[in-house]
Every structure is written in structure tokens, then in C-alpha cells.
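Engineer: Pasting a structure here, questions to come.
Only the coordinates and a few stated rules stand behind these numbers; no lab work does. Model, not experiment: these values are computed from the prediction. Here the Cβ is made from the backbone with ideal geometry for all residues, glycine too, and neighbour counts use every protein chain on show.
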């Protein structure tokens, strides 16, 4: 369609403004709309028109599928849809995947991972990363065990520098005390927050990269935990503490009617780890969505310099975020220590990939400023499902780690793609 003829020369006041036509007779507004529609046709972005003229419609073929894919890609429940589809498809080939015992096992693995991934989400939101969470778990596991164990083996721990001082055959510091468990939990949480405080101070006060600071912390505190125990586990954990990792409020029995049911046949449904992790996640959600600190965290992650100019106490926010991360790592350490029934100096040594992967796969951006706690929860579910399914396929640990790494890379690429498309639409 030819553009309309330009008005007479005298109608122009000597300049071109808005979408008016120039003296050559070309409608620049129409040219702009035509060009943008051509580019956006291949980029997958809906065309935006500068006015009411030149409305360009997309061909009808495949439009519905295209719109559906875009909705899925930009949906905050994208990873949940992927998880459901993955589960349904794989269940056809591996019926063991949906057996009640396997489902119960996957949930048991999800709760401690969700606790520690919640803390990682806070750090990622400010554009950082906390590699020291696994060393916090190891350090707090050993410290808690030293406080509350009821007995210790001289044969196993005699080479430990703690033996004869803080650990004896009669147990730990508060062995036999009625408040030993409470004191141990408090010590674990305080140590986790203290390590987070050290990380936060180094990042905020000395402007050191979070990656380097937490890498050093991970190496140092992991080595300290191993040195204190000489790589030996500290057993003799009180039964009261063990319930936090193995206890349940509601259990289910799925099977034929029997006169005698063993404990192995009873499946945990609502457990103490579930309650603790969900409570932690709920508090994290409230902090991010309903408090001033939450808004400041997003502001720092979106643009640290602009946040500082706007009056946000950037340094204080960074320190608090790393302390929250250490606290969440300590909570996860409590759950894992209780589940494994020992203070382990190597606790969580292979968990870092799962923690970061779960947060990133859920949708939390590695560049900061974007993420939610329920996104992380969905990422945890997907990562636990992925690990469980790969184990059911009898793959070696090397192949499992390779697949996990590829999935995390794919999630990062997806995040970059979504960010670019959103920026182009804006």
C-alpha cells in the first residue's frame, strides 16, 4: 500500500516531530512499524505499534502454539510444569518412580535441601553467591555434636585435639543435661550466623568479591572441621535431637492388610523436617515480600549503585543477607545431622551443586534482583526428582554430576534468554 501523498510544502513549519510525514512523502511511523514487525516475527516478540496506523497481524498458522510456548517460558511456574511433565513421562518407563516408598524418600531429601537453598536465594538476590554453606554445615555439625553427645569412643576419637578436653568417654560438654539439645541447637545457629557475618563484612566493608570470600571460607572451615575430629564422625547423639531429622507427626501405611506391620513399611507423611523447612521458607517469603529489608534486598540486587544513592544501607543489607544464609545452612545442618545420627566433619561436601542448582533452576537470577522463595522450592523439587530418577536409571555418580551441571547451564541460559526478551519488549 502506497503511503498518502505529503501535504503542500507550506504546511510544514520547518521541522519534523512525532509521527508526521517528512517532505519526501515517507511515513516514518509506518516504516518503523513495518521494520519492527519483520524483526519481531523472527524473534518471537509480539509487535508493538507506534500508533493506530499500519496494524500488522501475524499469520494465523501456529499462532496458538507460539503464544502457549511464550506463556510457559515467561511463567513463574515454568519449572513446575517441566517437573510434572518429566515425572509423568519417566513414570511410564520407571514405575518405581511413583511408588509410595520412593515418593516418601524424595520428600525426605527435599526438606533439608530447601532449608539451605532458601539462604542461597537471599544471597543470589543481591547478585552474590555463598560457596561456604557446605562448610557451615560441617562446622556446625561437629560443634553441635561436641556439645550434646551422650558418649564418645576413645578408639575413634583419641587422635582428636578435642579428646580429653571437650570430648570424653562420658560424652560432650553438656552430656546428660536436660538442656543439652537446646544448647547444641543454639550453638549451631550462632556459629552459622557468625560465619555469615564474617563473609558479609569482607564483602561489604572491603568490597571483596563474594565468590572469592566464600570460597576461602569454605576451604578454611571445612579444614577446621576435619582437623577437630581427624575425619571421624562423632556418634552418640541424643534421641531427642534425632527426632528433628527422623521424627514424624503423621505416618501412612500403604499395602495389604497385615497382622503385623514393621516400621519399614510405615511411610512418613508430615515430618518434623518438613515443618521446620516450610516454616523457614515461609518466614523467608514474608521477609522478601512484606518487609523493608526485602525491598532493600531486591533494590541492591537490581542496581547496587542506584540503591546506595536512593538511601538504601547497602553494606548493612549485604551483611544481613550473608548472616541469613549462614543461619539457613545451620538449620540444614541440624536436619542432616539428626538424620544421619552423627556429627560429620564432611557434611554437605557434595551438596553445593544441588543448592545453587535448585535456586537457579527455580528461576532466581544469577545477576541478582529476581527470585522468590516458592521458585526455589519448585527448583528443589525438580532437582530432587532429577537426582532420584538418575539413581533409578543406575547411572554412575560421574554421569549424574555431568547431567546436573548441564541442567544448571541450561537454566542459566534460559534465564539470560528470558531477560533479553523482556528487555526487548520493554
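Engineer: What nm distance separates the two modelled labels at residue 303 and residue 396, each placed 7 Å from Cα along Cα→Cβ?
Structural biologist: About 5.1 nm separates the two model spin labels.
Engineer: Could I have the simple spin-label model distance between residue 150 and residue 226, label points 7 Å from Cα toward Cβ, reported in nm to one decimal?
Structural biologist: Roughly 3.2 nm, to one decimal.
Engineer: Right, something else. If we count other beta carbons within 10 Å of each Cβ, what is the order of 374, 165, 66, fewest first?
Structural biologist: Numbers: 374 16, 165 10, 66 13.
Sorted ascending by nearby Cβ count, the order is 165, 66, 374.
Engineer: Among 290, 344, which comes first, then next, by fewest other beta-carbon atoms within 10 Å?
Structural biologist: Values: 290 10, 344 24.
Listing 290, 344 from fewest to most nearby Cβ atoms yields 290, 344.
Engineer: Suppose R0 equals 35 Å. What FRET efficiency, 1/(1 + (r/R0)^6) with r the Cβ-Cβ distance, do residue 91 and residue 374 give to the nearest 0.05? Working shown, then result.
Structural biologist: Details: r = 24 Å, r/R0 = 0.70.
Rounded to the nearest 0.05, the efficiency is 0.90.
Engineer: Can you tell me the FRET efficiency between residue 197 and residue 293 if r is taken as the Cβ-Cβ distance and R0 is 22 Å, rounded to the nearest 0.05?
Structural biologist: Approximately 0.85, to the nearest 0.05.
Engineer: Grab the Cα-Cα distance for residue 240 and residue 190, subtract it from 0.36 nm times how many residues apart they are, and report the gain in nm with one decimal. If you can, show how the numbers build up before the last one.
Structural biologist: Numbers: separation 50, 0.36 × 50 = 18.00 nm, distance 2.02 nm.
Gain on extension, residue 240 to residue 190, equals 16.0 nm.
Engineer: Could you calculate the contour length gain from residue 403 to residue 71, that is, 0.36 nm times the residue separation minus the distance between their Cα atoms, to one decimal place in nm?
Structural biologist: Contour length minus Cα-Cα distance gives 116.9 nm.
Engineer: Among 298, 227, 336, which comes first, then next, by fewest other beta-carbon atoms within 10 Å?
Structural biologist: Values: 298 17, 227 14, 336 24.
Least crowded to most crowded, the residues run 227, 298, 336.
Engineer: What's the FRET efficiency of residue 178 with residue 350 using the Cβ-Cβ distance as r and R₀ = 41 Å, to the nearest 0.05? Numbers along the way, then the final one.
Structural biologist: Numbers: r = 36 Å, r/R0 = 0.88.
Step by step, r from the Cβ atoms, then E = 0.70.
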